[in-house]
């Protein structure tokens, strides 16, 4: 059994003991979930590494979080549970263990006594995985407790949102490629605060050269000149029948708005994602990646 041991503070455990109450699904209900909700990428073969995050959303007066995350050990190995920063620097980790033989990990954290509780949306943890084989795995959240800052603490009603991983190639694989002008910025030289609008829009043209109709989106990843990630933004999802092209005319522009945070050179990679299971959610990445760059200046 693999075990990752960290500081265990038995006195904190009592903060989160109680019965988990699951509330009704609603836009404002508190949630704890795996993000992204699905990680589907055939390029993540054996030996590849990736991360998912555990987030709480719509919480109020939160003082502690506990959860277990189950996964298929034949497909994945959990290698690290990293604190996500929700309580800033005033936090205590009283449970941080990985039981890989049993296929689950366990984390419990709390705000330090006397420090302000947390309200809003926050990242609880970053989970590091290694893919061991080709397959799929539900990332099953359970044993979840959200404890408030009252004395004695009370468990919060919340909804649990599981995750999913797959590096399998779907049996019916769509094919979407960049076409014509491919992918480009609105301005190759963008003058910050001086152009006609506040954003340097990013465009793409996509073409379904496969044999199945699909739903597609384009994800733009922006980095600075040192390769530091700046933003990851995506276009709306669109239906793309076999042989259809989209984004090549002004009424049907496939674009996203990017607001440069500062002057300098930016590098962009664009990648298509297509739907493979008929749920109209484009989650499967195409292999082709289109790259371009632009420079942000201040007009003198």
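Where a number appears in this text, it was derived from the coordinates with a stated rule and is not lab data. In this text, all values refer to a predicted model and were calculated from it rather than measured experimentally. We place every Cβ from the backbone using ideal geometry, glycine too, and count neighbours over all the protein chains shown.
Computed on alpha carbon atoms, what radius of gyration and Dmax characterise segment 100-212, expressed in Å?
Radius of gyration, then largest Cα-Cα span, for segment 100-212: 23.4, 64 Å.
Roughly how many nanometres apart are two label points built 7 Å out from the Cα toward the Cβ at residue 128 and residue 61?
3.8 nm
For segment 212-256, what is one quarter of the convex hull surface built on the Cα atoms, given in nm²?
Answer in nm², one decimal: 4.1.
Under a plain spin-label model, where a point goes 7 Å from the Cα along Cα-to-Cβ, how far apart in nm are residue 43 and residue 255?
2.7 nm
Before rounding to the nearest 500, sum -39500 (n - 2.57) across all DSSP H runs of length at least 4 in the chain and divide by the residue total; then give [θ] at 222 nm in deg cm²/dmol.
-500 deg cm²/dmol
Roughly how many whole Å is it from the C-alpha centroid of segment 45-78 to that of segment 118-197?
Using only Cα atoms, the two centres lie 11 Å from each other.
Once segment 10-166 is represented by equal point scatterers at the alpha-carbon sites, with solvent omitted, what log10 I(q)/I(0) does the Debye formula produce at q = 0.19 Å⁻¹?
Rounded to two decimals, the profile gives -1.13.
Take the Cβ-Cβ distance between residue 211 and residue 292 as r, set R0 to 41 Å, and report the resulting FRET efficiency rounded to the nearest 0.05.
About 0.90, to the nearest 0.05.
(1) -0.57, -0.93, -1.11; (2) -0.45, -0.82, -1.12; (3) -0.42, -0.75, -1.01: which one is log10 I(q)/I(0) by the Debye sum over Cα atoms at q = 0.09, 0.12, 0.14 Å⁻¹ as calculated from this entry?
(1)
Let's test the formula: R0 of 51 Å, r as the Cβ-Cβ distance of residue 74 and residue 117. What FRET efficiency results, to the nearest 0.05?
Efficiency at R0 = 51 Å is approximately 0.80.
How big is the C-alpha Rg of segment 163-300 next to the rule-of-thumb value 2.2 N^0.38 Å, as a ratio?
Against the empirical 2.2 N^0.38 Å value, I get 1.12 for segment 163-300.
So for the pair residue 201, residue 232, with labels modelled 7 Å out along Cα→Cβ, what separation do we get in nm?
Reported label-point gap for residue 201 and residue 232 is 2.5 nm.
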